[in-house]
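Shown next, in structure tokens, is the structure this report addresses.
The values are calculated or read from the model by the stated rules, or taken from the named source; none is laboratory data. All figures in this text were calculated on a predicted structure; none of them were measured in a lab. All Cβ positions, glycine included, derive from the backbone under ideal geometry; neighbour counts span all protein chains shown. SASA here: full protein model, heavy atoms, side chains in, ligands and nucleic acids out. Shrake-Rupley method; radii C 1.70, N 1.55, O 1.52, S 1.80 Å.
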Amino acid sequence: MKAKNVREVALETLLAVEEKEAYSNLLLNNMIETHRLSERDVRLLTEIVYGTIQCRDTLDYYLAPFLKKARKLERWVRVLLRLTLYQVLYLDRIPDRAAIFEAVEIAKKRGHQGIASLVNGVMRAILRQGVPPLENIEDEVERLAVATSHPSWLVKRWVEQYGWMETKRMCETNLLPPKQTARVNTARITIAETLDRLRQEGMEVSRGEVAAEAIQAKKGNLANTEAFRRGWITIQDESSMLVARALGPKEHERVLDSCAAPGGKSTHIAELMNNTGQVICADIHEHKVNLIEENAKRLQLTNISARTLDSRRLGEVFDRETFDKILVDAPCSGFGVIRRKPDIKYAKTEADISSLAALQREILDAVAPLLKKGGTLVYSTCTIDHEENEAVIAQFLNDHPEFSPDETMKQRLPEKVQPYVRNGQLHLLPHYFGSDGFFIASLRKKV
């Protein structure tokens with residue numbers, strides 16, 4: 001059977017994201033392995049898939065005037081038009097005629113001559129007439145939503161929470177490719193030595209911009225390096241690296257990471273404890289617990305114990321006041337990581353936010369009794385929504401007078417982010433440092 005070309009694989013991937021609600025990042029990795037694509041094709045596939053998802057609503061707005069006379073389109077035809085228009089508008093190195101030719105050939109192969117003619121006609125008409133200007137959209141929230149391919153309800157919500165300019169910057173930043181960063185396992189190797197080893201492997205790398213242990217790659221894939229295989233680095237965003245620092249674990253302590261998979265923060269905590277004490281990692285999914293164990297083994301960390309447990313029922317497993325420190329890196333809407341997982345912005349609803357906030361409060365209520373008096377509880381999310389962040393903490397403090405905001409968290413964080421810390425809470429938006437949007441709150445249990 002003839003191998004599929006990169007655009008056919010892109011179409012197949014995008015359809016799976018829409019029809020099966022598969023995660024684009026996981027699906028993309030699977031497609032690359034399945035079709036054994038060359039490095040060049042992997043780059044093109046990644047760019048087409050992520051770019052088409054990121055710009056979906058903008059592309060649909062541009063296509064709409066040219067599809068008025070078309071009967072109801074099959075989903076694959078619309079997706080094919082999107083990915084082709086994305087190449088024409090955003091990928092300068094691909095000639096328009098090449099992108100259109102490939103689309104027509106796919107239409108013939110997957111459908112029939114009528115569909116091929118429609119695809120060819122629509123794309124040729126766009127080249128002649130140009131796409132409709134976004135200025136035609138009168139409502140400014142709707143215009144920003146279409147221009148940056150975010151749901152209107154979400155943009156409106158952010159404008160209410162952050163104001164117009166912050167929302168605009170955030171939406172525009174979400175369209176940019178994410179940085180690839182990693183955390184150096186400084187318990188085993190220095191940052192300088194890590195950078196040197198990576199450069200010897202042909203990587204273009206530098207120190208990170210925020211977190212002390214961070215490095216970032218401008219060229220190459222950090223996950224495919226000897227440094228990664230040897231456990232010298234862990235792929236992690238710089239915002240995420242701040243969570244363990246906020247917790248401030250010390251040697252020989254007993255720490256609970258209540259929603260731990262896949263283990264990035266757990267292993268960072270274990271490293272900061274110099275492989276002493278005990279880090280109990282709980283996650284409700286067994287296959288994800290296996291990921292924690294694999295990461296701990298790769299990093300040669302022996303102070304991690306991973307268990308399949310529901311964080312809402314940890315009180316049935318552990319005694320009260322068992323832990324010196326507790327981390328609740330809660331399940332959330334993920335709106336801070338749209339650059340990495342662009343399909344999130346289309347998959348979540350306002351109802352999801354409320355449901356997640358209820359779950360987050362439930363987890364906090366469940367783990368609170370397990371913390372020793374004088375201990376630290378850190379709550380973190382990779383979302384930027386107030387209902388899942390500040391509102392959750394406000395409700396928790398109201399329900400648990402034995403806790404208070406931990407003002408000392410500021411001292412444990414890098415100087416660059418300290419201006420964003422208020423009342424023991426750090427709220428990072430994606431455009432501040434080009435890292436993921438994150439919320440971190442530190443609470444102290446009164447003695």
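Couple of notes before you dig in:
- Positive-end residue of 337, 315, 300, charge dipole of segment 298-343 with Cβ unit charges: 337
- Fraction of alpha-carbon pairs over 21 Å apart in segment 1-155 - percent: 46
- Here the spin labels are modelled as points 7 Å beyond Cα on the Cα-Cβ line, and at residue 399 and residue 113 they lie 6.7 nm apart.
- For residue 306, distant residues with modelled amide H under 5 Å away: 281
- Listed by chain and number, the aspartates and glutamates whose C-alpha is less than 16 Å from the C-alpha of residue 348, apart from same-chain residues fewer than 8 away, are 18, 19, 21, 57, 385, 387, 388.
- log10 of Debye I(q)/I(0), alpha-carbon scatterers only, for segment 80-213 at 0.19 Å⁻¹: -1.02
- Check: the chain dipole with +1 on Lys, Arg Cβ and -1 on Asp, Glu Cβ, in debye: 1240
- Residue of 368, 125, 391 that the Gaussian network model of the chain assigns the largest fluctuation, springs spanning Cα pairs under 10 Å: 125
- Evaluated on segment 270-379, the Kirkwood hydrodynamic radius is 15.7 Å, with distances taken between all distinct Cα atoms.
- Ordered from highest to lowest accessible area with the whole protein assembly present and a 1.4 Å probe, 252, 268 read as 252, 268.
- Its DSSP H runs of at least 4 residues, each contributing -39,500 (n - 2.57), put the calculated 222 nm mean residue ellipticity of the chain at -14500 deg cm²/dmol, to the nearest 500.
- Within segment 200-247, all pairs of alpha-carbon atoms sorted by distance into 10 Å bins from zero give the percentages 25, 54, 20, 2.
- Segment 182-284: mean projected area of Cα convex hull, nm²: 6.4
- Basic side chains Lys and Arg get +1 at the Cβ, acidic Asp and Glu get -1 at the Cβ, and with that the dipole of segment 73-169 about its Cα centre reaches some 480 debye.
- For segment 277-283, 3J(HN,Hα) computed residue by residue from phi via the Karplus equation (6.51, -1.76, 1.60; θ = phi - 60°) reads x, 8, 10, 8, 10, 10, 8 Hz, glycine and proline entered as x.
- All C-alpha pair distances within segment 14-97, sorted into 10 Å bins from zero, spread as 16, 46, 31, 7, 0 percent across the bins.
- For residue 384, the amide hydrogen comes within under 5 Å of the amide hydrogens of 335, 336, counting only partners 5 or more places away or on other chains and with H modelled in the peptide plane.
- Considering only 397, 243, 55, and ranking their Cα positions along the charge dipole of the chain that arises from unit charges at the beta-carbon of Lys, Arg, Asp and Glu, the one farthest toward the positive end is 55.
- Gyration tensor verdict on segment 57-96 (Cα atoms; rounded if a/c is under 1.5, prolate if a/b is larger than b/c, oblate otherwise): prolate
- GNM on the chain, alpha-carbon springs under 10 angstrom: the most fluctuating residue among 54, 236, 411 is 411.
- Rg/Rg_ref, the chain, where Rg_ref = 2.2 N^0.38 Å and atoms are Cα: 1.06
- FRET efficiency, residue 164 to residue 391 (Cβ-Cβ, R0 22 Å, nearest 0.05): 0.50
- Full-stretch length increase - residue 60, residue 446 - with 0.36 nm per residue and alpha-carbon distance subtracted: 133.5 nm
- Vicinal HN-Hα couplings computed from phi for segment 296-311 (Karplus, 6.51 cos²θ - 1.76 cosθ + 1.60; Hz; Gly/Pro x): 4, 5, 4, 8, 6, 9, 9, 9, 9, 10, 9, 9, 7, 9, 7, 4
- Around the Cα centre of segment 39-91, unit charges on the Cβ atoms of Lys, Arg, Asp and Glu (plus for the first two, minus for the last two) sum to a dipole of about 380 debye.
- Here the simple spin-label model places points 7 Å from the Cα toward Cβ, and for residue 252 and residue 30 these points are separated by 4.8 nm.
- Residue 9 sits with roughly 0 Å² accessible to a 1.4 Å probe, with DNA, RNA and ligands left out of the calculation.
- Amide H partners (placed H, <5 Å) of residue 236, local residues excluded: 181, 182, 183
- Cα→Cβ-extended label distance, 7 Å offset, between residue 297 and residue 193, nm: 2.5
- Among 115, 304, 94: highest mean-square fluctuation, GNM of the chain, C-alpha pairs under 10 Å: 94
- Angstrom value of the Kirkwood radius, inverse mean 1/r, which spans all Cα pairs in segment 359-447: 13.5
- Here the chain carries DSSP beta bridges of which approximately 60% are antiparallel, counting only pairs with both residues inside.
- P(r) of segment 296-447 over all Cα-Cα pairs, binned every 10 Å from zero, in whole percent: 10, 36, 36, 17, 1
- Shape summary of segment 68-127, radius of gyration then Dmax from alpha carbon positions: 10.8, 33 Å.
- Kirkwood hydrodynamic radius over Cα pairs of segment 197-355, then Stokes diffusion coefficient at 10 °C and 1.306 mPa s, in µm²/s: 93
- For segment 218-232, Karplus couplings with θ = phi - 60° (6.51, -1.76, 1.60), whole Hz, Gly/Pro x: 9, 8, x, 10, 4, 6, 9, 9, 5, 4, 5, 4, 7, x, 8
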